[in-house]
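Right, one structure below, let's go through it.
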Amino acid sequence: MFCFTYTRRVKVFREGIMKYRADIDGLRSIAIIPVILFHAKLDWIRGGYVGVDVFFAISGFLITSIIYPKIIAQQFSFTDFYLRRARRLLPAGYTVVLFSVLSLAFVYPPDQFSILIHSAVSSILFVSNIFFWQTSGYFSPSLELQPLLHTWSLSVEEQFYFLFPAFLVIAVFFRAVQKFIIPIIILACLISLALSVKYAPNSMSFVGFYVLPTRFYEMGLGALLAILMCHGLLNPTRRLYLREIGIILITLAVFSYNSKLAFPSYYALLPVLGTLLVIADKSQDGVCHHLLCSKPVVFVGLISYSLYLWHWPLLVIINWYWDIESPVMLIAYFALTFLFAYLSYQFIERPFRNPQTYSKPIMRNTANASVIVFVASISYFTVYKNDEVINMPSDALAIYKAGIQNEPYRDECTDVKRLKGYYEICQLHQSHNAKYKILLWGDSHASALMSALVEFSEEISVDAFNTSGCPSLVGIQRKRNQDCYKHNEFIKEYLQSNPKEYDLVLNVSAWNNYIDLDLLEIDGEQNTERALGQGIKLTESFYEQTGIRSLFIAQFPKQETHIPEHYFRAYEDADITSIERESHDIKTQHFRDYFKNSWVIDFDDSFCDDKKCYGYNKDHLYYQDAHHISVRHAQIIAKQLESEIIRQLIEWESQPR
């Protein structure tokens, strides 16, 4: 069934699959516009990110349409193929990389620029998807400030381009395998889809979002369609309204999806299948066909690669200097994006696609000079970073760097299950002469507080069990995620088996954040506030039943901006960023009201005066971001926390356990 004669293959190939189709360029415009609007944070297009999946499906179809007939005709050359891909992608891509690096080298914080330069190198090597997956941890600096973040999808495509042609060549070479190309691709797509569902992004990992194995089915289905059409198994030319149905499916995804979905999983099937229906429909009538083939829509499709390349770096750079949410800036951003894309297409993409371009001295010299500047710039900043070129006094830069310093033992004592694959209680601060032993149980706020606990005296030993994004409460779980429940069940069972191991359990979590973001549920209760209350009640009951003494620390004041980034840009301002203390006090009191008998303390006075809660003072930053306490500030409250713990433990010792 799956093996056809050479004549049949070539006939179908020459009759249409390689002819230029304006509607596919029109489809590219339908892919890129939602992506740009989504990244501009327009509320009415929350699923615009599916444009990337439309691109994936188109790429799988087109690349297979180009190489598969050549492979079966024994006319395929890897060298020719990759040279064409290089001329098509690299000149514009490397221009954007160089522009991003040089535009931000003199103004970006050192930690953000370090990520930028590493992402530049990884994008050059077509592994930026791997880099951003590994950089997208809970504690990582905001990736929204990374101008090359969008190159992850280009790396996924390039990895597909490296592997899939090799598979087709091998499959066609071996006759026994050639008969099963279609079922093999179907099986590979099913496996990819299963992996995409299993490893759908969650608070624990973003691997499913970034890597080729979970994205393969999107391009694989496009490749499958190309092979079916090449063999004449699927060539509908009469009016079946496939194009219209496809447009509806894509539109449905664009306007009904949002960033809370565990994407791609099986959700990407909707825009991918919609894309394939549009491509499969070769009829040349109907409103949708004429719209896709109209000159303005086709033009946007023609420059879609440059639009994709430029839209995100320009957005990041403009956001760094101005507020792009204002209508004027938003319009200016769109205009600038299209201008840069058009110039890039006209003077970089088009000329360098033509092999003859390199024979012209002026173009050859320009290309050579650009390569020298590119290599020199990337090499310099890879080695020396940007510490020497940013315009910031050394004392202010030292305060900034101290503010973003990681807490000690983060890698050893936080997210152990995610990193090692098994649960483990970490020994944070050990003393042979310790009179007391306590357990720190919490989320990333507990992890940030470890900077205080390692400063404790030899009188106290400290263990830790911290899991980012998981409040330290019995029975609680995050919505759409069972991992937090499992983590907390582990520590619950451990404490049940060893109720006398610790003199105190210190519960530290971002209590207010979970309410603000509506993240929690428990036993079918979907309201986060009520779920949190039930979790606190169960946890109090658990401690009472086991005789374990506990301390809950209320969440520190949460700022409205990323404090280190704000300080980096506004360290000379007299007004220090702050929030109203009254609004925070209301949240703290609301948290205290959940408890009946537990010991609850806060450290608000170390952040606030009577009216304001501040992000920093002239000596140090209070936060690593907007709500995680900095190492320096944690060290400052260490003595107060230790003395409070010891005082209470001594008081408890005088009472029956």
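The values are calculated or read from the model by the stated rules, or taken from the named source; none is laboratory data. What you are looking at is a predicted structure, and each value in this text was computed from that prediction instead of being measured. Virtual Cβ from ideal backbone geometry, glycine too; neighbours counted across all protein chains shown. What goes into the accessible areas is simple: the full protein's heavy atoms, side chains included, and nothing from ligands, DNA or RNA. Shrake-Rupley method; radii C 1.70, N 1.55, O 1.52, S 1.80 Å.
Results, tabulated for the structure shown:
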| quantity | calculated |
| --- | --- |
| Pairwise centroid distance, computed over Cα atoms, of the range 383-412 with the range 313-382, Å | 30 Å |
| Helix runs (DSSP H) in the chain reaching 24 Å along axis by Cα, Kyte-Doolittle at least 0.5 | 22-39, 51-72, 78-104, 151-173, 181-198, 212-230, 304-321, 327-344, 361-384 |
| Furthest towards positive pole of dipole, SER119, LEU551, ALA341, structure part the chain, Cβ charges | ALA341 |
| Most to least accessible of LEU195, LEU473 (protein chains only, probe 1.4 Å) | LEU195, LEU473 |
| Descending Cα extents along the principal axes, the range 581-657, whole Å | 46, 27, 21 |
| Sites LEU339 and VAL287 - FRET efficiency at Förster radius 41 Å, r taken between beta-carbons, to 0.05 | 0.85 |
| Proximal lysines to LYS558, defined as alpha-carbon separation beneath 16 angstrom and excluding residues fewer than eight positions away on the same chain | LYS587, LYS611, LYS612 |
| Net charge of Cβ neighbours under 12 Å - reference ASP415; Lys, Arg +1; Asp, Glu -1 | -1 |
| Largest-first principal axis extents of the Cα set of the range 439-484 (Å) | 42, 17, 11 |
| Per residue accessible area in Å² of the chain, where ligands, DNA and RNA are left out and the probe is 1.4 Å | 45 Å² |
| The range 462-537, Rg to Rh (Cα coordinates; Rh as Kirkwood inverse mean 1/r) | 0.97 |
| Protection-proxy order for peptides 116-125, 458-467, 74-83, each taking the mean of Cβ atoms within 10 Å per residue, highest first | 458-467, 116-125, 74-83 |
| Spin-label pair TYR494/ILE182, simplified geometry with 7 Å Cα→Cβ offset, distance in nm | 5.5 nm |
| Cα gyration tensor, the range 187-324 - rounded (a/c under 1.5), prolate or oblate | oblate |
| Whole-number D in µm²/s for the range 315-380 (Stokes-Einstein; Kirkwood sum over Cα pairs; 20 °C, 1.002 mPa s) | 148 µm²/s |
| Where Rh is the Kirkwood radius over Cα pairs, Rg/Rh for the range 529-604 | 1.15 |
| For the range 467-493 and the range 581-657, distance of Cα centres in Å | 23 Å |
| Set of lysines near LYS486 by C-alpha distance (under 20 Å), chain-local residues within fewer than 8 positions excluded | LYS198, LYS417, LYS420, LYS537 |
| Computed magnitude of the charge dipole of the chain (debye, nearest 20; Cβ of K, R +1, Cβ of D, E -1) | 4360 debye |
| Gained length - ALA376 relative to LYS486, 0.36 nm times residue gap less alpha-carbon distance | 34.6 nm |
| Dipole of the chain [Lys/Arg +1, Asp/Glu -1 at C-beta], most positive-end residue of ALA105, PHE61, LEU148 | PHE61 |
| Packing-based order for 593-600, 302-309, 336-343, using average beta carbon neighbours within 10 Å, highest first | 302-309, 336-343, 593-600 |
| Accessible-area composition of the chain, carbon plus sulfur, in percent [1.4 Å probe] | 59 percent |
| Reference-scaled alpha-carbon Rg (2.2 N^0.38 Å with N residues) for the chain | 1.11 |
| Largest-first ordering by accessible area, 1.4 Å probe, given options GLU560, GLU407, GLU580, GLU157 | GLU560, GLU580, GLU157, GLU407 |
| Whole-angstrom Cα spans of the range 285-344 along principal axes, big to small | 47, 24, 14 |
| log10 of Debye I(q)/I(0), alpha-carbon scatterers only, for the range 113-246 at 0.13, 0.15, 0.16, 0.19 Å⁻¹ | -0.70, -0.85, -0.92, -1.09 |
| Protection proxy ranking of 32-40, 271-279 - average other beta-carbon atoms within 10 Å, highest first | 271-279, 32-40 |
| Anchor LYS435: lysines whose Cα lies under 16 Å away (excluding residues fewer than 8 positions away in-chain) | LYS500 |
